[in-house]
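Asker: Take this structure first; my questions come after.
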Amino acid sequence: SLAQPVTPDLLVSPRSQDGDLGSECPEDRGNWTGQLDFLLSCIGYCVGLGNVWRFPYRAYTNGGGAFLVPYFIMLAICGIPIFFMELSLGQFSSLGPLAVWKISPLFKGIGMGTILIVSLVAIYYNMIIAYVLFYLFASLTSDLPWQHCGNWWNTDLCLDHHVIKAGNTTFPVNITNTVSPSEEYWSRYVLHIQGSSGIGDPGRIRWNLCLCLLLSWTIVYLCILKGVKSSGKVVYFTATFPYLILVMLLIRGVTLEGAWKGIQFYLTPQFDHLLSSKVWIEAALQIFYSLGVGFGGLLTFASYNTFHQNIYRDTFIVTLGNAITSILAGFAIFSVLGYMSQELGVPVNQVAKAGPGLAFVVYPQAMTMLPLSPFWSFLFFFMLLTLGLDSQFAFMETIVTAVTDEFPYYLRPKKASFSAVICIALFLMGLILTTEGGMYWLVLLDDYSAGFGLMVVVITTCLVVTRVYGMKRFCRDIHMMLGFKPGPYFRACWMVLSPATMMALLVYNIVKYQPSEYGSYRFPAWAEVLGILMGVLSCLMIPMGMVVAVLQEEGTLWERVQQASRPAMDWGPSLEENRTSMYVASLAGSQSPKPLVVHMRKYGGITSYENTAIEVDREMEEEEEEEES
């Protein structure tokens, strides 16, 4: 066999003349300090506001308990496999969502698309956290401000249910066109939406909201200041504490009278719904957004793992934990809605809502009916705060990691100041959301930023890894990390089932496209076009990236495309001792004949992973012999 190529001094990184290997060593990059950091960060990232305000309502509108059937099937088809794929890519390469495309430089645009989507989401997600902070401070009183009518922001339509309860109920009260005090508090006081005529007329900045937004960005910045070293510790609190509060709210909810009415609404199975395609699509969308696949967060977190961390086990813990949390949250929400519908004397479906309407109107109103209402209100909003924050950490960590891995020499030493720059920039972009018409912008961002763009990104990722990079190689990489190959279930999902399901989702999304609205307000055409452009721009990153990659190669067009789609020279595990089989000696500055020898010098003897490495080597030699014969 040929002698291993020795890298001439010129190719060695500029720092390594001093004897240390410069940025070639991912020690520079940092790692999680413990295994639990990674697991809790993933749980905190996946369990977000959507579990509380989207899932229960989706379940109730799509056949109650029967919705759990498509939910778990979709979890198995496009949740778990893609989750595992993303973790594997990150852990194997120890790179962020941009640099990971060394796996096939032609498709680097996918990484750019991801970063664009994540940035847009981070802008408005922090605004929701700002609203939560606003309500959190408002709950620190003996009397909740949205309890009664008669404040300066209330109108004549305001009707206080306490008055109905106390008054003589012999005369029927017509409550069809009245408004609850909590709804007027939200729209007329917090948002001050009457100051804006629509999305084109944002009005003035609401300074109290602006300060809340500043505060939420400050909290996020302080938590991600030292990268995963600091955020990995904060999640010990933010990922576990919501469960404590959720259980408290659950117990409080179930012991209220009328609670069962709500829970019946939530869980009565209507199996006829399962025949409509809409329910399956909704289930897939719920899985998709709630696991946060395609946002690059999972990839980023996994890239800070050690090479042999058991992500196979973690995948199942996180995905199933996420599903169970959603179902639990449904009980906590609907038991309270049942109690509320009994208090108001209206059916449950009139009080049930999704999204901000649930968190900032309906639930706060229900809180005012409880004894000790400020306490329960504070708890509820504190839960929302901790749920939202760790998802926001992930978005920020993704952006920062992606860019610093592209320019490790310049940015890695200055990670803290670079994080600050990004936080400030996103805060300034989010200022339009603090205006009187800011809610319209928030709805626009929410509807379009991570819609079909995200689907396209995930479908192409899936296809590139299985078709261009090759399923065989990908499975071999996982074998190197975990010591076993993914089974037929994962391979079938990656090759066919997941991409096909997501294609169906994409087509459905486009065919059944409905313009955005907020309450009775319809968005003007230019706003819709702006929204669609947001989605299309992230898809356009992919062909743009291809053009750039092809221009950097040499030869005819087809040769260039082939060149650019092959993994880069330095693709593979980042630590020398993990570079076995085909990854040996392709690192700059690598002069060792076989990493195995390095390993044996370092650790003495052969561990189970060395066995794996020898197995993989043998397998490849056999394959080569087969091809030659």
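The values are calculated or read from the model by the stated rules, or taken from the named source; none is laboratory data. Small disclaimer: the values here were computed from a predicted structure and weren't measured. Counting neighbours? That spans all protein chains shown, and the Cβs are built from the backbone with ideal geometry, glycine included. Only protein heavy atoms, including side chains, enter the accessible area calculation; ligands, DNA and RNA are left aside. Shrake-Rupley method; radii C 1.70, N 1.55, O 1.52, S 1.80 Å.
Asker: At least 1 residues that are within 25 Å of Ala504 (Cα to Cα) and of a type outside the set (A, V, I, L, M) in each: list the helices (runs of 4 or more DSSP H) lying fully within region 217-291 that qualify. Explain how you work it out, then say what you get.
Answerer: Details: elements: 228-238, 241-254, 259-267, 277-291.
Qualifying helices (runs of 4 or more DSSP H): 277-291.
Asker: Also: Closer than 23 Å to Thr368 by Cα and open to solvent by less than 10 Å² (accessible area, probe 1.4 Å): is that true of Leu328 in this structure?
Answerer: Working: closer than 23 Å to Thr368 by Cα: yes; open to solvent by less than 10 Å² (accessible area, probe 1.4 Å): no.
Considered against the rule, which asks whether it is closer than 23 Å to Thr368 by Cα and open to solvent by less than 10 Å² (accessible area, probe 1.4 Å), Leu328 comes out as no.
Asker: I need the full set of residues from region 446-484 which are closer than 30 Å to Ile128 by Cβ and charged (D, E, K, R), in order please.
Answerer: Taking region 446-484 first, the residues closer than 30 Å to Ile128 by Cβ are 446-462.
Matches in region 446-484: Asp446, Asp447.
Asker: Looking at region 614-627, I want the residues that are under 16 Å from Arg473 (Cβ atoms) and of a type outside the set (S, T, N, Q) and have a partner that is open to solvent by less than 50 Å² (accessible area, probe 1.4 Å) and not in a helix (DSSP H, G or I) with Cβ atoms under 8 Å, at least 6 apart or on another chain. Which pairs are those?
Answerer: Val616/Thr580; Asp617/Thr580
Asker: Still on this model: Would you check if Pro486 is outside any helix (DSSP H, G or I), surrounded by 20 or more Cβ atoms within 10 Å (Cβ to Cβ) and either modelled with pLDDT of 90 or more or under 22 Å from the mean Cα position of the chain (by Cα) (or both)?
Answerer: On the way: outside any helix (DSSP H, G or I): yes; surrounded by 20 or more Cβ atoms within 10 Å (Cβ to Cβ): yes; either modelled with pLDDT of 90 or more or under 22 Å from the mean Cα position of the chain (by Cα) (or both): yes.
Yes, satisfied.
Asker: Which one of Leu274, Leu249 is among the hydrophobic types (A, V, I, L, M, F, W, C), in contact with a helix residue (DSSP H, G or I) (Cβ under 7 Å, 6 or more places away or on another chain) and within 30 Å of Phe393 (Cα to Cα)?
Answerer: Numbers: Leu274 fails: within 30 Å of Phe393 (Cα to Cα).
After applying the criteria, what remains is Leu249.
Asker: Could you please find all residues in region 253-283 being open to solvent by less than 60 Å² (accessible area, probe 1.4 Å) and within 27 Å of Ala366 (Cα to Cα)? Spell out the reasoning first.
Answerer: At the first step, the residues of region 253-283 found to be open to solvent by less than 60 Å² (accessible area, probe 1.4 Å) are 253-254, 256, 258-259, 262-263, 266-267, 273-274, 276, 279, 281-283.
Residues satisfying the conditions are Gly253, Val254, Leu256, Gly258, Ala259, Gly262, Ile263, Tyr266, Leu267.
Asker: Go through region 412-436 and report how many residues are open to solvent by less than 50 Å² (accessible area, probe 1.4 Å) and over 16 Å from Ala130 (Cβ atoms).
Answerer: 8
Asker: Pick from Pro364, Pro408, Pro371: which is out of contact with any Asp or Glu (no Cβ under 9 Å at 6 or more places or on another chain) and in contact (Cβ under 8 Å) with a residue 24 or more places away in the chain? Can you show your working first?
Answerer: Values: Pro408 fails: out of contact with any Asp or Glu (no Cβ under 9 Å at 6 or more places or on another chain); Pro371 fails: in contact (Cβ under 8 Å) with a residue 24 or more places away in the chain.
Answer to the check: Pro364.
Asker: Among the residues in region 147-165, are any assigned to a helix (DSSP H, G or I), farther than 30 Å from Met582 by Cα and at pLDDT 90 or above?
Answerer: Step one: list which residues in region 147-165 are assigned to a helix (DSSP H, G or I), which gives 161-165.
Of the ones still in play, those that are also farther than 30 Å from Met582 by Cα are 161-165.
With the extra rule that they be at pLDDT 90 or above, the set shrinks to none.
Looking for residues that are assigned to a helix (DSSP H, G or I), farther than 30 Å from Met582 by Cα and at pLDDT 90 or above, one finds none in region 147-165, hence no.
Asker: Continuing with the same structure: Does any residue of region 540-550 turn out to be open to solvent by less than 30 Å² (accessible area, probe 1.4 Å), closer than 28 Å to Met74 by Cα and either hydrophobic (A, V, I, L, M, F, W, C) or more than 27 Å from the chain's Cα centre (by Cα) (or both)?
Answerer: Let us first name the residues in region 540-550 that are open to solvent by less than 30 Å² (accessible area, probe 1.4 Å), namely 542, 545, 549-550.
Those left that are additionally closer than 28 Å to Met74 by Cα: 542.
Still in the running and either hydrophobic (A, V, I, L, M, F, W, C) or more than 27 Å from the chain's Cα centre (by Cα) (or both): 542.
Yes; the residues of region 540-550 include at least one that is open to solvent by less than 30 Å² (accessible area, probe 1.4 Å), closer than 28 Å to Met74 by Cα and either hydrophobic (A, V, I, L, M, F, W, C) or more than 27 Å from the chain's Cα centre (by Cα) (or both).
Asker: Further question on the same structure: Please find, among Arg522, Arg473, the residue that is open to solvent by 60 Å² or more (accessible area, probe 1.4 Å), among the charged types (D, E, K, R) and over 30 Å from Glu282 (Cα atoms).
Answerer: Details: Arg522 fails: over 30 Å from Glu282 (Cα atoms).
Criteria check complete, one pass: Arg473.
Asker: Does Ser93 satisfy being in contact with a Lys or Arg (Cβ under 9 Å, 6 or more places away or on another chain), among the polar types (S, T, N, Q) and modelled with pLDDT of 90 or more? Lay out the reasoning, then the answer.
Answerer: On the way: in contact with a Lys or Arg (Cβ under 9 Å, 6 or more places away or on another chain): yes; among the polar types (S, T, N, Q): yes; modelled with pLDDT of 90 or more: yes.
Against the criterion (in contact with a Lys or Arg (Cβ under 9 Å, 6 or more places away or on another chain), among the polar types (S, T, N, Q) and modelled with pLDDT of 90 or more), Ser93 qualifies.
Asker: Could you count how many residues in region 231-248 are out of contact with any Ser or Thr (no Cβ under 8 Å at 6 or more places or on another chain) and surrounded by fewer than 16 Cβ atoms within 10 Å (Cβ to Cβ)?
Answerer: Here the count works out to 5.
Asker: Here is a further query. Can you run down the residue pairs with Cβ atoms below 6 Å, 6 or more apart or on separate chains, where the first is in region 194-210 and among the hydrophobic types (A, V, I, L, M, F, W, C) and the partner is buried (at least 16 other Cβ atoms within 10 Å of the Cβ) and part of a helix (DSSP H, G or I)?
Answerer: The qualifying pairs are Ile199/Tyr440; Ile199/Ala527; Ile205/Thr434; Leu209/Thr434; Cys210/Thr434.
Asker: Please go through region 321-364 and give me each residue that is more than 23 Å from Gln286 (Cα to Cα) and outside any helix (DSSP H, G or I), ordered by number.
Answerer: Gly345, Val346, Pro347
Asker: Only one residue in Pro5, Pro105 is modelled with pLDDT of 90 or more, open to solvent by 30 Å² or more (accessible area, probe 1.4 Å), more than 30 Å from Phe334 (Cα to Cα) and over 19 Å from the mean Cα position of the chain (by Cα). Which one? Write out each step before concluding.
Answerer: On the way: Pro5 fails: modelled with pLDDT of 90 or more.
Selected residue: Pro105, the only one of Pro5, Pro105 that is modelled with pLDDT of 90 or more, open to solvent by 30 Å² or more (accessible area, probe 1.4 Å), more than 30 Å from Phe334 (Cα to Cα) and over 19 Å from the mean Cα position of the chain (by Cα).
Asker: Sort through Thr386, Thr460 and tell me the only one that's in contact (Cβ under 8 Å) with a residue 24 or more places away in the chain, open to solvent by less than 10 Å² (accessible area, probe 1.4 Å), among the β-branched types (Val, Ile, Thr) and assigned to a helix (DSSP H, G or I).
Answerer: Numbers: Thr460 fails: open to solvent by less than 10 Å² (accessible area, probe 1.4 Å).
On inspection, the qualifying residue turns out to be Thr386.
Asker: Can you name the residue in region 295-304 that is open to solvent by less than 10 Å² (accessible area, probe 1.4 Å) and not in a helix (DSSP H, G or I) and is also nearest to Gly90 (Cα to Cα) among such residues?
Answerer: To start, the set of residues in region 295-304 that are open to solvent by less than 10 Å² (accessible area, probe 1.4 Å) comprises 296-298, 300-304.
Next, from what is left, pick out any that are not in a helix (DSSP H, G or I): 296, 303-304.
Details: Gly296: 9, Ser303: 4, Tyr304: 8 Å.
For region 295-304, the residue satisfying everything is Ser303.
Asker: Kindly provide the set of residues from region 305-322 that are of a type in the set (A, V, I, L, M) and closer than 18 Å to Ser94 by Cα, ordered by number.
Answerer: Just the residues of region 305-322 that are of a type in the set (A, V, I, L, M), to begin with: 311, 317-318, 320.
Answer for region 305-322, where residues must be of a type in the set (A, V, I, L, M) and closer than 18 Å to Ser94 by Cα: just Ile311.
Asker: Looking at the structure I just gave you, is Pro499 part of a loop (DSSP other than H, G, I, E, B) and open to solvent by less than 80 Å² (accessible area, probe 1.4 Å)?
Answerer: Taking the combined requirement at face value, the residue does not satisfy it.
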